[in-house]
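Here the structure is laid out as structure tokens; the discussion comes afterwards.
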Amino acid sequence: MPIKQIKLRKLQMRLKDPFTTSFGTMQDKEFYITEAIDGEGNSGFGESVAFISPWYSEETVKTNLHIMEDFLIKILKENEISHPDQISELFQPIKGHNMAKSALEGAIWDLYAKRQNITLAEALGGEKKEIDVGISIGIQPSIEDLLQTIKGFVQEGYKRMKIKIKPGWDVDVLREVRANYPDLPIMADANSAYTLDDIEHLQKLDDLNLTMIEQPLGHDDIVDHAKLQAVMKTPICLDESIHSLEDTRKAIQLGSCKIINIKIGRVGGLTEAKKIHDYCKDHDIAVWCGGMLEAGVGRAHNIALTTLDQFILPGDTAGSSRYWVKDIIKPEVVVHKGVITVPDKPGIGYDIDESALEEFTVDEKVFNF
Ligand code: OSB
Ligand code: MG
């Protein structure tokens, strides 16, 4: 596959509403959009999901640039690539930095699919034509605000509500939500806000019929999660702790979780995401696609991945309008009754809105091969 040029564009976009998790509040997003160009009229696009601050993981927008320009792009320049599945192996000598790796691998996956004239979903082996989605709701100023927010999303048809929790905003809040919505699929995401000292408190969630609790304990833990899962009825889902197929194997072997949230950026790209999906399918572990408040390019990659059949549970890939006044793709991602129709155009299936891309770009670097 000829790659003639890689472009790194740094974008600044502002979320419509601030998004609060147990680790902090985000509203201004800065991130890289990657472009791989073949010199034959095709361009593939990727998006880095690293944030400005290392709150969710150790990577940041700045470390992304350092790793991409000083290491990963050099590797791409020096090696022939015939299929994007080879990239994760080529990147193997560079430890960690999965979001930087994924941003470049993603652009090449899109380029590959466009050159084959197939959709990215098809290139990955996905067959679903529609995907079910839920929505992730940040910590709100009050329970009334939360109930109001949920009401709107239920009316829009989202298939499940994920409610962010932290100490002081957990059991009572979820009990209230459950009382108002006896049959709604509800889950909680703690983003590592608890420890094993909270076991008795967390066990109270078992009465609320939650689909799962996501990452209650340490961001890098799989041992304590196994202890917690052994005494909790509610399925534990791991997010932050899973960076690879190897992490997945160990977590399943230990009994640390019953469900896995796959985020393409966190695991280093689509190739590794697919491997985790296949392993979970073989071991009867349900998976779903997480989100990182992506702009349209990242959102499109998530949609393509979710077409694989072990993505049984609704993901966090909400519509563009939940996040942005204006997204960078045309058309924007639209959710109708909790369902996204998978695009049928080649590659990521959405066009780049060139004027929006231009408007949000604050820096650009070009690497010629
Ligand atoms: O833990 O899944 C998470 C957003 C930022 C960082 C981490 C997480 C989230 C979300 C939002 O839950 C998912 C989305 O709507 O993109
Ligand atoms: Mg999470």
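The table for this structure:
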{"item": "R0 of 35 Å, Cβ-Cβ distance Ile312-Leu196: FRET efficiency to nearest 0.05", "result": "0.75"}
{"item": "Protection proxy ranking of 263-275, 225-237 - average other beta-carbon atoms within 10 Å, highest first", "result": "263-275, 225-237"}
{"item": "Ser355-Tyr181 FRET efficiency (beta carbon distance; Förster radius 35 Å; 0.05 resolution)", "result": "0.30"}
{"item": "Point-to-point label distance, Val334-Gln116, nm (Cα→Cβ direction, 7 Å offset)", "result": "2.9"}
{"item": "34 Å tail of the calculated P(r), the chain, as % of Cα pairs", "result": "22"}
{"item": "Contour minus Cα-Cα distance for Asp278 and Glu246 (0.36 nm per residue)", "result": "10.2 nm"}
{"item": "Distance in nm between pseudo-label sites at Lys4 and Gln155 (7 Å out along the Cβ direction from Cα)", "result": "5.1"}
{"item": "Length gained when the stretch Gln92-Leu147 is fully extended (0.36 nm per residue, less Cα-Cα span)", "result": "15.3 nm"}
{"item": "Relative contact order of region 122-341, pairs being alpha-carbon contacts under 8 Å that are 6 or more residues apart, as %", "result": "23"}
{"item": "Partner lysines for Lys4 [C-alpha distance under 28 Å; skip if fewer than 8 residues away on the same chain]", "result": "Lys62, Lys74, Lys77, Lys95, Lys101, Lys114, Lys274, Lys330, Lys345, Lys365"}
{"item": "Low-density loop positions, trypsin sites (Lys or Arg not before Pro), region 86-134 - DSSP coil, at most 12 other Cβ in 10 Å", "result": "Lys95, Lys129"}
{"item": "Point-to-point label distance, Lys128-Val325, nm (Cα→Cβ direction, 7 Å offset)", "result": "3.3"}
{"item": "Relative contact order, percent, the chain [alpha-carbon distance under 8 Å, six or more residues apart]", "result": "23"}
{"item": "Rounded Å value of the spacing that divides the Cα centres of region 12-80 and region 128-207", "result": "28"}
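Rule-based calculations on the coordinates, nothing more; no lab input. A quick note: this is a predicted structure, and the numbers were derived from the prediction, not measured. For neighbour counting, all protein chains shown are included, and Cβ atoms are generated from backbone atoms with ideal geometry for every residue, glycine included.
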